[in-house]
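Take a look at the structure below.
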């Protein structure tokens, strides 16, 4: 393996969760990066070795953290930081730079803030799943943007659930937890005949209250979000596969191909067949 693997993600204007760049590096003795600030969130996971992170806290004071294998650190937008590989046991790390409307809230659920930037895993199994998602993204840089964004969602889910500092609090954080549960359920079950009532039940909420907090938080109703999510998956299948229109409809939860085509056109203002003709990868 090369000492450095680095990839830049094409700009596809993903709003809720976007990927910017990612890579993997075996650092040399005392290798230094910084001081520098990023425009987005940047997470490093240490695969082996150790090093030091020096980063500004919320008061602008520089704090020093010793980071070792199986730990990680989060850098926040505009945060000035420097990190240095150990002289005797320089670290190898993997990193992902990402951003999105809901990222900051998700990281706070995991206890990762500008004042507490070090990642500690609570569960080994979830930590390994998170690491595997990071490796997968790094080793599959040529996959479609939708495919990589899907794995970025999985990475973030494992990051939050594996954190030793995971806290479910009252008020807005509890609401965020419900929305996270709903989004995770949709992501894993969109191809099935799921209903908004069923999603609300999974979250332990009544239908009307769930609909209200979902729209307040996400910006669209659960029905609108589910349809947009399904159509985004359908567009990926239209672009990358030769499946029939009806089979793609089935794959995203539509038993009736006419209903699927109508839903697709309501989102993209074009039929699935015409969209495929314009966008399919040759």
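For residue 65 and residue 143 in the same chain, what is the full-extension length gain: residue separation times 0.36 nm, less their Cα-Cα distance, in nm?
Here the segment from residue 65 to residue 143 would lengthen by 24.6 nm.
Determine the principal axes of the Cα atoms in region 189-282, then give the extent along each, sorted from largest to smallest and rounded to whole angstroms.
So the extents along the principal axes, rounded to whole Å, are 45, 23, 20.
Gain in length, residue 206 to residue 20, computed as 0.36 nm per residue apart minus the alpha-carbon separation, to one decimal in nm?
63.2 nm
Taking a ≥ b ≥ c as the square roots of the eigenvalues of the Cα gyration tensor of region 224-279, is the shape rounded (a/c under 1.5), prolate (a/b larger than b/c) or oblate? Provide the component values of the computation, followed by the final result.
Numbers: a/c = 1.36, a/b = 1.16, b/c = 1.17.
Here region 224-279 falls in the rounded category.
Take residue 92 and residue 279, extend 7 Å from each Cα along the Cα→Cβ direction, and tell me the distance between the two endpoints in nm.
Label at residue 92, label at residue 279, 3.8 nm between them.
Relative contact order of the chain, please, whole-number percent, based on alpha carbon pairs below 8 angstrom and at least 6 residues apart.
Averaging sequence separation for qualifying contacts and normalising by length gives 15 percent for the chain.
Divide the volume of the convex hull of the Cα atoms of region 123-282 by its number of residues and quote the answer in cubic angstrom per residue.
Values: hull volume 20.1 nm³, N = 160.
Enclosed volume per residue, from the Cα hull, is 125 Å³.
Determine, at each q value in 0.17, 0.22, 0.26 (inverse angstroms), the log₁₀ of I(q)/I(0) that the Debye formula gives when each Cα of region 172-219 is one equal point scatterer.
Values returned for q = 0.17, 0.22, 0.26 Å⁻¹ are -0.42, -0.71, -0.98.
Which peptide among 130-143, 196-209 comes first, and what is the full order, when sorted by highest mean count of other Cβ atoms within 10 Å?
Per-residue Cβ counts within 10 Å, averaged per peptide and sorted highest first, yield 130-143, 196-209.
Based on the alpha-carbon set only, what is the convex hull volume of the chain divided per residue, in Å³? Don't skip to the end; give the middle numbers.
Details: hull volume 39.3 nm³, N = 282.
Dividing the Cα hull volume of the chain by its residue count gives 140 Å³.
How much length, in nm to one decimal, is gained on full extension between residue 247 and residue 224, taken as 0.36 nm per residue of separation minus their Cα-Cα distance?
This chain segment gains 6.1 nm when fully extended.
Over region 224-279, calculate the relative contact order: mean separation of alpha carbon pairs under 8 Å at least 6 apart, over the residue count, as a percent.
33 percent.
None of the figures in this text is laboratory data; all of them are computed from the coordinates on show. Just so it is clear, the model here is predicted, and its values are computed rather than measured. All Cβ positions, glycine included, derive from the backbone under ideal geometry; neighbour counts span all protein chains shown.
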